[in-house]
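Structure record follows, encoded as C-alpha cells.
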C-alpha cells in the first residue's frame with residue numbers, strides 16, 4: 001500500500017511541476033522566436049540594427065532610473081552606469097545620423113541612378129560596361145556624367161544634351 005501512495009505522490013508532483021514549468025518554457029520559446037526574427041531583420045538593414053540598439057539603451061536607462069528610485073542602485077553606481085549608457089547612446093545616435101545623411105545625399109543618389117540606368121540599357125554594340133567610362137566635361141562644382149540620367153545612354157565629352165533622348169545635361 002505504501003508503494004501505491006509513493007507512486008501516486010510522485011505522479012501528482014510531476015503533474016504539478018509540468019503545470020508550473022509549461023508557461024515558463026512556452027514564454028521563453030516565444031522570446032527566442034521574436035529575437036531570431038529581429039536579428040534576421042537587423043542583419044538585412046544596418047539602420048534597423050542601430051535603431052534597435054538605441055531603443056535597448058533607452059530602456060536600460062529607464063530601468064536604471066527606476067532601480068535608483070526604489071533603492072536597488074546607489075547614487076554612485078547610478079552616476080557611473082548612467083554616464084556609460086548615455087555615452088553609448090550618443091555613439092549610436094551619431095552612427096544613425098551619419099547613415100541617414102549618407103542615404104539622403106541627392107548627388108550620390110543621382111549619380112548611382114545614372115550609372116544603374118546606363119548598365120541596364122543596351123547600346124548599339126552591346127551592353128554598356130563600366131570598364132569603358134566616357135566622361136563628360138562638367139562645369140566647375142558639378143560632377144561629370146558618364147551616362148544620361150534620363151535614358152542611360154553613354155555620353156561623350158563635351159555633350160550638353162543627350163543624343164538619344166535630348167535631355168539637357170547641365
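The values are calculated or read from the model by the stated rules, or taken from the named source; none is laboratory data. Because the structure is predicted, anything quoted here is derived from the model rather than measured. All Cβ positions, glycine included, derive from the backbone under ideal geometry; neighbour counts span all protein chains shown.
Of the set (1) out of contact with any helix residue (DSSP H, G or I) (no Cβ under 6 Å at 6 or more places or on another chain); (2) at pLDDT 85 or above, all apply to residue 124 but (2). Within region 92-115, the set of residues being under 17 Å from residue 47 (Cβ atoms) and surrounded by 13 or more Cβ atoms within 10 Å (Cβ to Cβ) comprises 92, 93, 95, 96, 99.
Residues in region 67-82 that are assigned to a helix (DSSP H, G or I) and either over 32 Å from the mean Cα position of the chain (by Cα) or farther than 15 Å from residue 54 by Cα (or both): 67, 68, 69, 70, 75, 76, 77, 78, 79, 80, 81.
Quick grid of which residues meet (1) more than 18 Å from residue 96 (Cα to Cα); (2) at pLDDT 85 or above; (3) touching a helix residue (DSSP H, G or I) at 6+ places or on another chain (Cβ under 8 Å); (4) in the same structural domain as residue 82 (by TED's automatic domain parsing):
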| site | (1), (2), (3), (4) |
| --- | --- |
| 5 | yes, yes, no, no |
| 14 | yes, yes, no, no |
| 28 | yes, no, no, no |
| 39 | no, no, no, no |
| 58 | no, yes, yes, yes |
